[in-house]
Amino acid sequence: MESNACLRSFQDYSGNLWVGMQNRIALIHLNSPMRFLNQEINIQGSGYEAFETVDGTYFTTSNGIYFPGKERRSRCISARYGKYWLTALMKSPGNYMQGTTQAYFFWKMPLNPTHSRIQMVYGR
Amino acid sequence: MLHFEYNMRYISFLILLLMGPQARALSGKYPIRNFMPTEYKAGIQNIDFAQNRDMAIFVANNLGVLSFNGNTWERHDFKTGKKKRSLAFDESTNRLYVGSQGEFGFFEEDWRYVSLIDQIPPGFGDFDEVWDVFLANSNIYFCTFQGIYVYDGQSITVIEQEGGIERSFLADGKIFTQSQQGRLLEIEGSKLVQPYPQGQTGTKIAGVIPHDEGYLLVYNSGQIELATPFGVSRKYDALSRALQGTYVNHVLQLSDTRLVIATQTSGLFLYDLQEGTWKQ
């Protein structure tokens, strides 16, 4: 929400939430299947791609690779290699490819994102 | 149908997720639509809501009562000089009850307003704001700091507490309030009784939520207690710490296991009682 002063909330028959505020009314679509993944959960940059693993969903942006998981704030896993990112989930579990406008790199990605170490296995 | 016009200022990208519990477990921000005063053409402050079975939303605004049919806003009882503070819609009579500054009553069909002030017993007409209106036990409860005015459809009786009371709450069909000394009180018949032991008394209660064998008491300070007939204990310490300094204004139990905690300085907290996690 764009303001922090929340006075009262109300759940309507559709399950959505109305918030009475000091300077506006906000309607939060709790029942919406949509979610915004953005700076507010620490995903920076323009969004490019997303792919799911058993541990959660990885997101690539112009700034790097992010993993929100179930945490309130996302973690930037890798942001070292330039402005433009391209990723694709490889057939082999745990591997994916990322690259810049300059080059493509293949990485060995640990499935458990709490292990932040990423190992480059091939690059050109 | 609502038109979704979201502020895209910070949005990097949008993902469509499956509905249901799986969607709730994932991170991300819910879509939010902000209605500005320039859109609904009334005052800036909005305090309470109600809804009828036609799905219309009613809002207690500081300049009048607003209604929203999903597409357009209307204003009612506009700029009377009395700020609207509380609302409750009674489906059995199709009335919208309204509490305002020194005034309470209801709207009938076609937005005809009926004041109940004339029915207040002599000597009880001096009150300031009607902060809450509740429907319970076939009565309407207009809650002020001077007393609770109970309307049974025919007449009004007043429940008082020496020294006055604080905010009032509806939980599980029961009406609770807090004495000026900080004690939790419950309406029993036409009296206020002290139902449960209580730990904190020096801070105001912002929410009373049914929980286990008793009630969660959420204080302005962010402290949370579980009060039962058998004793009182502190609960949800991690959440309490997160709420510290935010000044809790209001607490709502959603239809699932989550609480919505409205704060003065830090927005909303969505707290899942089962998982012990929250989103801000």
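The values are calculated or read from the model by the stated rules, or taken from the named source; none is laboratory data. Remember, predicted model here, so these are calculated numbers, not experimental data. Note that we place each Cβ from the backbone using ideal geometry, even for glycine, and neighbour counts take in every protein chain shown.
Quick notes
- Filter result for B:Asn94 (surrounded by fewer than 18 Cβ atoms within 10 Å (Cβ to Cβ) and touching a strand residue (DSSP E or B) at 6+ places or on another chain (Cβ under 8 Å)): no
- Scanning the range B:201-214 for residues that are surrounded by 17 or more Cβ atoms within 10 Å (Cβ to Cβ) and in contact with a Ser or Thr (Cβ under 8 Å, 6 or more places away or on another chain) yields one hit, B:Gly214.
- Options A:Arg80, A:Arg75; residue that is farther than 30 Å from B:Pro31 by Cβ, modelled with pLDDT of 50 or more and either of a type in the set (Lys, Arg) or buried (at least 16 other Cβ atoms within 10 Å of the Cβ) (or both): A:Arg80
- Of the strands (runs of 3 or more DSSP E) lying entirely inside the range A:1-63, those containing at least 1 residues that are of a type outside the set (D, E, K, R), closer than 30 Å to B:Lys83 by Cα and in contact (Cβ under 8 Å) with a residue 12 or more places away in the chain span A:6-11, A:17-21, A:25-28.
- On the stretch given as the range A:1-37, residues that are more than 17 Å from B:Asn61 (Cα to Cα), touching a Gly at 6+ places or on another chain (Cβ under 9 Å), of a type in the set (A, V, I, L, M) and buried (at least 20 other Cβ atoms within 10 Å of the Cβ) total 2.
- Any hit, the range B:116-129, residues being in contact with an Asp or Glu (Cβ under 9 Å, 6 or more places away or on another chain) and crowded, with 20+ Cβ neighbours inside 10 Å: no
- Selection within the range B:62-104 - touching a Phe, Trp or Tyr at 6+ places or on another chain (Cβ under 7 Å) and either at positive phi or not in a strand (DSSP E or B) (or both): B:Leu63, B:Gly64, B:Asp77, B:Gly102
- Residues that are hydrophobic (A, V, I, L, M, F, W, C) and crowded, with 19+ Cβ neighbours inside 10 Å within the range B:242-269 comprise B:Leu243, B:Val248, B:Val251, B:Leu259, B:Val260, B:Ile261, B:Ala262, B:Leu268, B:Phe269, listed in sequence order.
- From the list A:Thr61, A:Thr53, the one residue that fits, being surrounded by 20 or more Cβ atoms within 10 Å (Cβ to Cβ), of a type outside the set (Gly, Ala, Ser) and not assigned by TED's automatic domain parsing to the domain that holds A:Asn4, is A:Thr61.
- The range B:240-280 - residue that is farther than 13 Å from A:Leu17 by Cβ, without any contact (Cβ under 8 Å) to a residue 40 or more places away in the chain and assigned to a strand (DSSP E or B) and, of those, nearest to the other protein chains (Cβ to nearest Cβ): B:Thr263
- Test: residue in the range A:18-39 that is modelled with pLDDT under 70 and within 12 Å of another protein chain (Cβ to nearest Cβ): no
- Residues of the range B:49-72 that turn out to be closer than 23 Å to B:Leu170 by Cα and in contact (Cβ under 8 Å) with a residue 60 or more places away in the chain, as a count: 0
- Scanning the range B:30-51 for residues that are surrounded by fewer than 16 Cβ atoms within 10 Å (Cβ to Cβ) and not β-branched (Val, Ile, Thr), we see that the one that is nearest to A:Asn16 (Cα to Cα) is B:Met36.
- Qualifying residue in the range B:117-124 (condition: polar (S, T, N, Q), outside any loop (DSSP other than H, G, I, E, B) and either touching a strand residue (DSSP E or B) at 6+ places or on another chain (Cβ under 9 Å) or modelled with pLDDT under 95 (or both)): yes
- Test for B:Val114: is it under 25 Å from B:Arg33 (Cα atoms) and either of a type in the set (Val, Ile, Thr) or touching a helix residue (DSSP H, G or I) at 6+ places or on another chain (Cβ under 8 Å) (or both): no
- B:Ala227 being modelled with pLDDT under 95, among the aliphatic types (A, V, I, L, M) and buried (at least 20 other Cβ atoms within 10 Å of the Cβ): yes
- Considering residues of the range B:37-61 that are of a type outside the set (A, V, I, L, M) and assigned to a loop (DSSP other than H, G, I, E, B) only, the residue nearest to the other protein chains (Cβ to nearest Cβ): B:Gln45
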